[in-house]
Structures are given as C-alpha cells and as structure tokens.
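Have a look at the structure below before the remarks.
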Amino acid sequence: MQSFKRNILITGGAGFIGSHVVRLFVNKYPDYQIINLDKLTYAGNLANLEDVEKSANYRFVKADICDIEAMRQLFAEYHVDGVIHLAAESHVDRSIKDPFTFAQTNVMGTLTLLQAAKEAWGESYEGKRFYHISTDEVYGTLEFDGTFFTETTKYDPHSPYSASKASSDHFVRAFHDTYGMPVVVTNCSNNYGPYQFPEKLIPLFINNIRNGKSLPVYGKGENVRDWLYVVDHARAIDLIFHEGKIAETYNIGGFNEWKNIDLIKVIIKTVDKLLGNPEGHSLGLITYVTDRAGHDLRYAIDSTKLKDELGWEPSLQFEEGIEKTVRWYLDNQGWMDRITSGEYENYYAEMYRNR
C-alpha cells in the first residue's frame, strides 16, 4: 500500500469551490492522499472531478458531516492530519425558505467535524490543521462609502445562511481557544467560474441567455458584490493551508466590485458575442423582480493582509474571468443540461455505483 506524506480531508469536494480545491491538491501534491468527502446533495456532482477520479492519490467518500460515527471512522481509517472544510449549504434564497437545513449542515456539521478531529488528534496537534472556509456575508453590509470588510470587522449577519456561517466560524475559533486546536479561518467574496451550480447568478444567467429565458434582477440591480475567480480562490486556499498562521483569519477578495445590473450587462454582452448574436440582442431578457428579504447592499473585501503576509493576489480581473467562464459553460452544455433537467443526480449516481 502506498504511503503518503499527508492525508488531507476536503469536505464538500464535489461542489463548486471544493472540486477546484480537490483538483489543485490532487495534481499539485502527488505525495498527499486527498480524501474528498461529500454527501452528494443537489449541488454535489462527481462529474466535476472526472479528470482526477482515477488518480492514485485521490479517494472519494460519500458521507454526511453531521454523522459523528462516520466522521470518527473516516479520521481513523485515513489517518487524517489536515482538514479543508468547504461543505456547506450556501444559497441565500434557499436559507430564507429552509433555515433549519442551513443550521443543521453549517453549524452542527462543522461542530461534528471539529469534535471528530479533536478526538482523533487527542493532545498531539503537531502537524495538524483544521482550515474552515467561510464567507464575507457574516460581516453584514457596507454603504457606498469606500469602506471594506477587514479581518477585524464586527460580525453582523442578515440572512439565515450568513447567520449559520457566522456560528460555524465562532465554533472553529472556540475549539482553538478551548482545546488548542490548530485552526485557520478565511472569509471570501462571491466566487464564479466553471462547475458552479446553475442556481447562482452567473451560470443561471449564461444558461438563460443561451435559451432565451428571462433574467430576473432583484430590485433595481444596484446591490454591489466583489467577485473572485474560483481558481484564484483555490490558489489562496492552498497557500493559506500550508503557510497561514494558526488561529488567524484571512479575507480573500477579488478587488472586483460590480453592481448586479452592470455585471449582468457584461454577461449579456459576452454571451451574445460568443454566440454570434448582435450586440445588445439579449438586453430585453432583463426583468426586475421584488427584492430579496434582508438583501445586503454592498460587500467589499480588503485582502491586504493576505497579500502582505503571504504574497497572494488575484490573477484575473472580472472581464477576463467572465469570458473564460462563459466559454466554459458554452463549451460544456451537456454538463449544464444534465443539471437543469435533473438528470445528473441519477446519471452520476449510477456511474458511481458501477465503478
């Protein structure tokens, strides 16, 4: 049996951000065993990792992070010495309709993982690390005043989703303060790129434009978000996992603030260009709908600490990243169509059973 230098557990590895992190670690660290833990809920898709699933250092485990016995067994079987925790319910609209699921997965799931790690690692934390990925939404909202979220910004969550993530952040830090567990927390801005589940704005709108469907915009589309290309986020996670200071928080942002309506117009222009449509062809698909309850006005992250301490900065500006992203979705229409039809859940489950 092959021995590995490290055994890294990546939770939520079949999801959007998680699959990019798994791919990066599997390819970059052949001497690490990468264990991808995913429950395969609606947003988990093994097709996201078909290019690495046969790698010698890759393992997939289907399990629920809320199942303490399964987590204890996993830590023991794979001798896990590092955790990169991405598994979470993450869609704000779903959290408004079903807050209990978000509390269960994001809060109790994180607590379950922390407890399993504490039990497995005992008093010996040397060489261990628990890295928890969170969101800028825990900070609340900003005005149009040029201010940014920093690592010391007071928590002020406004949705059930952000409240659940804020709670999980506090549990992670509490396990360091109480038990000495070596932890690190990052809070990131909105991610975009390949393999994102099409309930999220950018892939949803790309697909709707392709199919001539309406583009629903909350309110007047004036809410502002900071956008981070997912491959850049994965690079930051790699760097922080290996070099970040224990018990520290790092904000990861793209320095790409866009009003929703301006972002949507960039998406329209890019999709129309790549589809060969006349410029402005799909602008008429924009429809304005009632604003989301508790809709935060503006998010903007200051990543200066990460740049100054570890040397990370984003490699792509939004216009570059969005063209790469649009091209990927248009070139992988089969992936998108299987998801939007619901076929992927049975299709890939059957593929997994037959392997």
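The values are calculated or read from the model by the stated rules, or taken from the named source; none is laboratory data. For clarity, every value in this text was computed on a predicted model and none was experimentally measured. FYI the Cβ positions are ideal-geometry reconstructions off the backbone, even for glycines, and counts take in every protein chain you see.
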Checklist entry - Residues G294, G321: which one is assigned to a loop (DSSP other than H, G, I, E, B) and under 29 Å from I96 (Cβ atoms)? => result G294
Item to check | Condition broken by R235, with the remaining ones in (1) more than 17 Å from the chain's Cα centre (by Cα); (2) over 17 Å from N223 (Cα atoms); (3) among the basic types (K, R) satisfied | outcome: (1)
Checklist entry - Given the structure, is T11 crowded, with 24+ Cβ neighbours inside 10 Å, within 15 Å of the chain's Cα centre (by Cα) and within 21 Å of V107 (Cα to Cα)? => result yes
Checklist entry - Are any residues in the range 194-204 part of a helix (DSSP H, G or I) and among the hydrophobic types (A, V, I, L, M, F, W, C), and if so, which ones? => result L201, I202, L204
Checklist entry - Does L215 count as without any contact (Cβ under 8 Å) to a residue 60 or more places away in the chain and more than 21 Å from the chain's Cα centre (by Cα)? => result no
Checklist entry - Which is in contact with a strand residue (DSSP E or B) (Cβ under 9 Å, 6 or more places away or on another chain), free of Cβ contacts under 8 Å to residues at least 40 places away in the same chain and surrounded by 17 or more Cβ atoms within 10 Å (Cβ to Cβ), of L228, L204? => result L204
Next on the checklist: Can you find a residue that is small (G, A, S), buried (at least 19 other Cβ atoms within 10 Å of the Cβ) and over 30 Å from F100 (Cβ atoms) anywhere in the range 172-186?
Outcome noted: no
Checklist entry - Under the condition of being touching a Lys or Arg at 6+ places or on another chain (Cβ under 9 Å) and among the polar types (S, T, N, Q), which residue from the range 60-108 is farthest from D136 (Cα to Cα)? => result T101
Checklist entry - Which fully enclosed strands (runs of 3 or more DSSP E) of the range 46-146 have 1 or more residues being within 18 Å of D169 (Cα to Cα) and either out of contact with any His (no Cβ under 6 Å at 6 or more places or on another chain) or free of Cβ contacts under 8 Å to residues at least 24 places away in the same chain (or both)? => result 82-85, 129-135
Next on the checklist: Only one of E279, E323 is without any contact (Cβ under 8 Å) to a residue 12 or more places away in the chain, farther than 24 Å from L142 by Cα and not β-branched (V, I, T). Can you tell me which?
Outcome noted: E279
Checklist entry - Restricting attention to the range 59-66, does a residue exist that is over 25 Å from L239 (Cα atoms) and modelled with pLDDT under 95? => result no
Checklist entry - Which condition number in (1) more than 19 Å from Y250 (Cα to Cα); (2) modelled with pLDDT of 95 or more; (3) not polar (S, T, N, Q) is the one that G146 fails? => result (2)
Checklist entry - Only one residue in P198, P194 is farther than 21 Å from N251 by Cβ, in contact with a Leu (Cβ under 6 Å, 6 or more places away or on another chain) and in contact (Cβ under 8 Å) with a residue 40 or more places away in the chain, so which one is that? => result P198
Checklist entry - Hey, does the range 188-195 have a residue that's among the hydrophobic types (A, V, I, L, M, F, W, C) and buried (at least 21 other Cβ atoms within 10 Å of the Cβ)? => result yes
Item to check | Residues (hydroxyl-bearing (S, T, Y) and over 15 Å from G221 (Cα atoms)) located in the range 278-318 | outcome: S282, S303, T304, S315
Next on the checklist: Filter the range 1-18 down to the residues that are in contact (Cβ under 8 Å) with a residue 60 or more places away in the chain, of a type outside the set (S, T, N, Q) and in contact with a Leu (Cβ under 8 Å, 6 or more places away or on another chain) and list them by number.
Outcome noted: L9, I10, G12, G13, G15, I17, G18
Next on the checklist: Given (1) buried (at least 18 other Cβ atoms within 10 Å of the Cβ); (2) within 21 Å of V22 (Cβ to Cβ); (3) hydrophobic (A, V, I, L, M, F, W, C); (4) over 16 Å from the mean Cα position of the chain (by Cα), identify the lone condition not met by A56.
Outcome noted: (1)
Checklist entry - Is there any pair linking a residue in the range 19-38 that is buried (at least 18 other Cβ atoms within 10 Å of the Cβ) to one that is part of a helix (DSSP H, G or I) and of a type in the set (F, W, Y), with Cβ under 6 Å and at least six apart or on different chains, and which? => result I34/F25; I35/Y78
Item to check | Selected residue (only one of G284, G244 is among the small types (G, A, S) and surrounded by fewer than 21 Cβ atoms within 10 Å (Cβ to Cβ)) | outcome: G284
